[in-house]
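These notes concern the structure reproduced below.
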Amino acid sequence: MLKHDPNTHSLYWINWQAAFDVAKETLETQILDDGQRFLLEDLRDLLQRKGLTSFQGFHPPAKLIQPKHYFWRDTQ
């Protein structure tokens, strides 16, 4: 069995999309003090503005765009 050496340090990595999910879930499920809540809300909001969220599925567009021109049209 390996023993933990207190003189060594571990390095962990997480991508931004996973960090968004962790922040969001923590805000929804944990009791936090004001400082923790502010930090996680700020991180969540920043990542959402930057589009660094996990894939949430496809959503219909807010407005359907009718094309004026086509790349190809059948001329029958």
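Annotation: per residue accessible area for the stretch 1-62 equals 96 Å², rounded to a whole number [probe 1.4 Å, protein chains only]. Here the label points at A62 and Y12, each 7 Å from Cα along the C-beta direction, are separated by 3.6 nm in the simple model.
Sorting 10-17, 32-39, 21-28 by their mean Cβ neighbour count within 10 Å, with the most densely packed peptide first, gives 21-28, 32-39, 10-17. For F55 paired with Q30, estimate the spin-label separation in nm (one decimal), with each label point 7 Å from Cα along the Cα-to-Cβ line. Calculated label separation equals 2.8 nm.
The values are calculated or read from the model by the stated rules, or taken from the named source; none is laboratory data. Since this is a predicted model, take the numbers as computed values, not measurements. All Cβ positions, glycine included, derive from the backbone under ideal geometry; neighbour counts span all protein chains shown. Remember, those area values only see protein heavy atoms, side chains included, never the ligands or the DNA or RNA. Shrake-Rupley method; radii C 1.70, N 1.55, O 1.52, S 1.80 Å.
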